[in-house]
Structure formats: structure tokens, C-alpha cells
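Visitor: The structure's right below; bear with me while I get my questions together.
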Amino acid sequence: MSDRLPTLTALRAFDAAARHMSFAKAADELNVTPAALSFQIKSLEDHLGHPLFRRLNRAVELTEAGKALAPGAAEGFASLKAAWAATRRLQDNTTLTVTAGPALTAKWLAPRLYDFARAHPEIDLRFSATLRNMDLERDDVDVAIRFGYGGDDGLYCLPVRKEWLTPVMTPELAAEFTTPESLRDAPLIHDDSIAFLKPPADWPTWFRAVGVEFTPTHGAHFSNADHAIDAAVAGVGVALGRRAMIIKDMMEGRLVAPFKTAIETKGRFRFLCLPGAENRPQVAAFRDWFVAEIEKTAHISDEFTIVPVEDASST
């Protein structure tokens with residue numbers, strides 16, 4: 001048995017056959033004939049000196065040697081694919097793929113993207129609205145915008161402003177519920193997407209911040225922040241809205257925030273990319289635009305007394 005590595009063609013044939021457990025399906029994937037694929041696998045077995053498959057009637061199964069080789073072969077080709085994609089991205093200064101949560105995409109990014117596209121017509125911007133954990137080395141993604149506490153080791157991370165929350169409602173509801181105490185009788189909307197925050201940034205915390213002891217037991221619950229805010233815009237009730245999710249509706253008059261007390265969480269949005277990628281022209285352009293857009297509405301925070309959730313939770 002030689003220590004010399006076999007050809008990539010033979011290993012690729014083995015990887016496909018091991019994944020499909022079928023020579024025919026592997027041949028279809030690689031666009032070769034079954035005979036050609038079988039030849040490559042046989043050459044690999046001859047190189048190793050051991051069979052990798054048991055040929056059964058209309059089926060194949062891995063031998064112990066095949067089981068030992070399959071995970072490494074799959075990982076190796078996945079790493080090669082990721083490295084090739086990363087290398088190609090380094091040569092591409094016109095395409096930018098961004099992933100952000102569905103709520104931030106709907107309520108903050110999408111309404112503003114026209115301005116970015118107009119300022120940077122040379123950039124082909126692509127979006128993936130998902131909260132799935134992304135591997136920026138393996139997934140075809142340049143930038144991730146995520147909300148939470150961080151834990152972004154190994155990545156370039158630019159935290160932006162902390163998030164604060166305050167009650168928002170339609171002007172019609174604001175005329176009906178004029179004091180914090182009156183909200184005990186209001187239809188309250190709950191955003192369960194931030195239930196992970198500790199200390200909690202929820203209705204009981206806000207009520208304590210304004211000196212009202214009240215723990216709501218009823219109300220509409222939404223798993224997505226944008227759905228909660230859309231319900232408030234529709235007049236369903238009063239939402240405890242996060243700054244990023246409510247700012248546009250507030251500025252355009254669909255929602256008002258009549259009580260000038262907000263609770264602030266340490267959770268924040270972070271701009272994430274691979275180290276060094278922040279210097280690529282399209283990534284740097286998007287980062288600078290993202291930060292500048294946030295700063296455009298920073299003055300809104302000056303209208304509120306902002307209470308850290310830690311202080312509100314201890315009152």
C-alpha cells in the first residue's frame with residue numbers, strides 16, 4: 001500500500017458514491033458513465049489495497065475501510081469547495097451577499113436599500129433573511145448582521161448602538177391610553193423573539209421602570225418582531241417595540257411613543273464578516289452605509305429617559 005495520495009478524480013468518485021450509496025446516482029451527479037465511475041473507484045481500491053464497497057445485488061455498502069475514508073473525503077471536498085469560493089470572492093469587488101434576520105430585513109434594511117443601491121450601482125447586493133447560524137467561511141455570505149450579546153470569536157465584529165424598547169401604538173390608541181397606568185387595561189402585544197435576553201426586556205420590566213407594578217397575563221404573542229410591530233400598526237394593541245423595529249413607523253406617523261421612558265438592553269446588532277474582509281470595497285461600503293443610517297436617527301434616543309434593564313429589574 002502506497003503512502004502517495006490517490007488522484008482527486010478517484011476520491012471524488014468515491015465521495016459521490018459514498019453519499020448516494022449508488023454508483024448510478026453518483027455517475028449522474030458527476031456526469032460520467034457508471035462504467036467510468038466504477039473504474040475510478042476500482043483504481044482507488046487498488047491504490048489502497050483494500051475494497052471500499054461491497055457490491056451487492058443492485059446495491060452497494062461501505063466496507064470498514066470505506067467507512068473510515070468517507071467522512072474525511074466529504075470534509076476534504078467541502079473544505080476545498082469553501083476555499084475555492086472564498087478565493088473567488090476575493091477577486092469579486094461587485095457582489096455582496098448579506099444575511100440578516102427577517103425582522104430587521106423587513107422593518108429596517110429593506111425600506112432603506114434603495115438609497116444604498118442608488119449610491120453604489122456597481123454593487124450587486126444579495127440578501128438572505130434568516131436567523132440560521134451561518135459559517136462565513138463555508139457559506140456564500142460576505143456579511144452577517146445579528147442581534148444578541150456577541151460571542152463572535154474569530155470574526156471581525158462591529159457592534160452598533162444598544163437597543164432600547166418603549167411602548168408604541170397608533171395615534172388613536174394613544175388618545176385612549178394616556179398614562180402608563182392605563183396600559184394595564186390596554187391590549188398588549190408581546191415580542192417573544194427577544195425572550196432570550198437576560199435580564200428580560202419585557203412588559204413587566206418596562207412597567208417597573210415607570211413605577212407601576214404590573215405583570216400582564218394576557219395579550220397577543222408573536223415569534224417575530226416585525227409581526228408584532230405590524231400588529232401594532234394595524235391597531236391590534238400596544239407593542240413594546242425595539243428601536244430598530246419601530247423607528248421608521250414612528251418617523252412616518254403610523255406609530256407614536258407617548259411615554260418617554262425606554263428600557264435598554266445590552267443586546268445589540270453586530271456587523272460581522274471574516275477578518276480582513278471588512279477592507280474589501282463592497283463590504284466597507286455597506287458597513288459605512290449601515291453605520292451612517294443608524295446615526296441618522298440617533299437623535300430620537302434623546303427624547304427618552306433610557307433605563308438599563310438591570311436597573312429596572314432591581315427596582
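Visitor: For segment 67-129, I need the span (max minus min coordinate) of the C-alpha atoms along each principal axis, in Å, sorted largest to smallest.
Guide: Principal-axis extents of the Cα atoms in segment 67-129, largest first: 52, 29, 8 Å.
Visitor: Would you check the chain for Lys pairs whose C-alpha atoms are within less than 18 Å, ignoring same-chain pairs closer than 8 in sequence, and give me the count?
Guide: Qualifying lysine pairs in the chain: 13.
Visitor: What is the fewest-to-most order of CYS273, CYS157 by other Cβ atoms lying within 10 Å of their Cβ?
Guide: So the ranking, lowest neighbour count to highest, is CYS157, CYS273.
Visitor: Under the Karplus relation 6.51 cos²θ - 1.76 cosθ + 1.60, θ = phi - 60°, what is the ordered set of whole-Hz ³J(HN,Hα) values for segment 224-240, x standing for Gly and Pro?
Guide: With coefficients 6.51, -1.76 and 1.60, one gets 10, 5, 5, 5, 5, 5, 4, 5, 5, 4, 6, x, 5, x, 9, 9, 8 Hz.
Visitor: To the nearest 20 Debye, how big is the dipole of the chain about its Cα centre, given +1 on the beta carbon of each Lys and Arg and -1 on that of each Asp and Glu?
Guide: Its charge dipole is roughly 900 debye.
Visitor: For the residue pair ASP28 and TRP289, what label-to-label distance in nm results when each label sits 7 Å from Cα along the Cα-to-beta-carbon direction?
Guide: 4.2 nm
Visitor: Quick one: what do you get for the chain if you divide its Cα Rg by 2.2 N^0.38 Å?
Guide: 1.39
Visitor: Hey, how many Å between the Cα centroid of segment 165-220 and the Cα centroid of segment 35-100?
Guide: 54 Å
Visitor: Starting with the fewest neighbours, write out GLU75, GLU29 ranked by other beta-carbon atoms found within 10 Å of each beta-carbon.
Guide: The order, fewest Cβ neighbours first, is GLU75, GLU29.
Visitor: Once you charge only the Cβ atoms, +1 for Lys and Arg and -1 for Asp and Glu, what is the size of the charge dipole of segment 185-315 about its Cα centre, to the nearest 20 debye?
Guide: My answer is approximately 340 debye.
Visitor: Give me the percent relative contact order of segment 8-90, please, defined on Cα pairs under 8 angstrom at least 6 residues apart.
Guide: Relative contact order of segment 8-90: 27 percent.
Throughout, read-outs are computed from the coordinates displayed, never taken from laboratory work. What you see is a predicted model, and the numbers here were worked out from it, not measured in a lab. Neighbour counts are summed over all protein chains in view; Cβ atoms, including those assigned to glycine, are modelled from backbone coordinates with ideal geometry.
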